[in-house]
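The values are calculated or read from the model by the stated rules, or taken from the named source; none is laboratory data. The structure displayed is predicted, hence computed values, not measured ones. Reconstructed Cβ throughout: ideal geometry from the backbone, glycine too, with neighbour counts over all protein chains shown.
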Protein chains: 2
Amino acid sequence: MAPSIHRQAERLHHVFTELVRAYQFRDREGITCYGLSVSQCYTLDTLADKGPTAMGDLARHLHLEISSMTRVVDSLVAKGWAARVTDDKDRRVCRVRISRKGQTLVSGIRSDLIEEHKHILRELPVDSREVVITAMSHLLFAFNERKQRGCGSGKSGKGRKRKVG
Amino acid sequence: MAPSIHRQAERLHHVFTELVRAYQFRDREGITCYGLSVSQCYTLDTLADKGPTAMGDLARHLHLEISSMTRVVDSLVAKGWAARVTDDKDRRVCRVRISRKGQTLVSGIRSDLIEEHKHILRELPVDSREVVITAMSHLLFAFNERKQRGCGSGKSGKGRKRKVG
DNA sequence: CCATATACTTGTACGCTACAACTATTGTGG
DNA sequence: CCACAATAGTTGTAGCGTACAAGTATATGG
């Protein structure tokens, strides 16, 4: 018989929390040793995938404020990993383009990370690898579905509130 | 036939990256609206699980420097969610204990997060829910295995290096 | 041509974390 | 018992990442 959904949710919560925490930690250690931050890395990764992208689109994609996005791009430009290009059609728009140097960097990081995942996969029995990947995809799908419907984080979804004093 | 492990690793990398990013974001929005930060929340959660814990153990468990841990605990104490207790045996040691107020807070957050996971699970077909959870557990296991063997992040595992200028 | 909207940048502030220097306590060899 | 090292934690300081508010430049509509 199927376990109760509540128990399942508890387990999912637990395992997912641990996994994300471990992963975040690995990211910080693993990526920063290339000389860039996690946000910078995601940004470069996005640029490598999508090509020149407007600041605003970039910000939306990375779940950042435009002002924060500006700073991240500043740092990428300062390091020579990206460049700003004013859009011809609409001169308010600032497209960000990855440089060759940035391209090289991000390729290196990517292949290292993929290598890392290969090692992780090898820890799993051959016939469950595909299951894990598929399961993760489903979870991501479910996650996004849930998010798109605008169901915040339950009862307390009243948005930002930093200080409680 | 089985897909190549390289291709699988690429897929795992991709889906996992997205998932973690989405999750992180949800955390930030979801937890901070209770008036605490993600680190504060993890700390309280740990304290709720493990009971009074020495500062150093807490730091190790959360992958933080002791000095950072001190600040987090400072903030928890300031909010009345935890208290410092000097150890009787070794007066250098500072144990941190969650308060009743903190206990209540963390219980509330936990049940909200579990509720959230329940919703996510409901997006999945009934008979794949268990598969997903099990798969995640396996992945976490593999991840930890890999980490415990001290295999850093591949070739560039030379530790910290923040500034490249 | 002016008012408003849009896209982005800059000013400012705050939280999180790390490293280094410091304090307090405990353990150890003589 | 004392000097000295080791351990546990705190404080000083600094940098990154992010957000909000205000400012700048461009576009759009009346």
Q | Matching residues in region A:35-69 - criterion: being within 8 Å of DNA strand D (Cβ to nearest atom) and either closer than 19 Å to A:Arg100 by Cβ or away from chain B (no Cβ under 14 Å) (or both) | A | A:Leu36, A:Gln40, A:Ile66, A:Ser67, A:Met69
(Q) Looking at B:Gly80 and the list (1) away from DNA strand D (no atom under 16 Å from the Cβ); (2) more than 8 Å from chain A (Cβ to nearest Cβ); (3) within 26 Å of A:Ala9 (Cβ to Cβ), which single condition is not satisfied? (A) (3)
Q: Pick out the one residue from A:Leu113, A:Leu105 that is among the hydrophobic types (A, V, I, L, M, F, W, C) and either under 15 Å from the mean Cα position of the chain (by Cα) or under 17 Å from B:His14 (Cα atoms) (or both).
A: A:Leu113
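Let's see how each residue does on (1) in contact (Cβ under 8 Å) with a residue 24 or more places away in the chain; (2) surrounded by 15 or more Cβ atoms within 10 Å (Cβ to Cβ); (3) touching a helix residue (DSSP H, G or I) at 6+ places or on another chain (Cβ under 8 Å):
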residue	(1), (2), (3)
A:Arg7	no, no, no
A:Glu10	no, yes, yes
A:His14	no, yes, no
A:Ile31	yes, yes, yes
A:Ser39	yes, yes, yes
A:Thr53	yes, yes, yes
A:Leu64	yes, yes, yes
A:Arg91	no, no, no
A:Ser107	yes, no, yes
Q | B:Ala9 being within 8 Å of another protein chain (Cβ to nearest Cβ), over 16 Å from the mean Cα position of the chain (by Cα), modelled with pLDDT under 80 and at negative phi | A | no
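Residues checked against (1) more than 7 Å from chain A (Cβ to nearest Cβ); (2) modelled with pLDDT of 80 or more; (3) in contact with a Phe, Trp or Tyr (Cβ under 7 Å, 6 or more places away or on another chain); (4) within 15 Å of A:Phe25 (Cα to Cα):
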position	(1), (2), (3), (4)
B:Ser107	yes, yes, no, no
B:His119	no, yes, no, no
B:Val126	no, yes, no, no
B:Val131	no, yes, no, no
B:Ser137	no, yes, no, no
B:Leu140	no, yes, no, yes
B:Arg146	no, no, no, yes
B:Arg149	yes, no, no, no
B:Lys155	no, no, no, no
Q | Search result, residues across region B:63-77 that are within 6 Å of DNA strand C (Cβ to nearest atom) and touching a Ser or Thr at 6+ places or on another chain (Cβ under 7 Å) | A | B:Val72
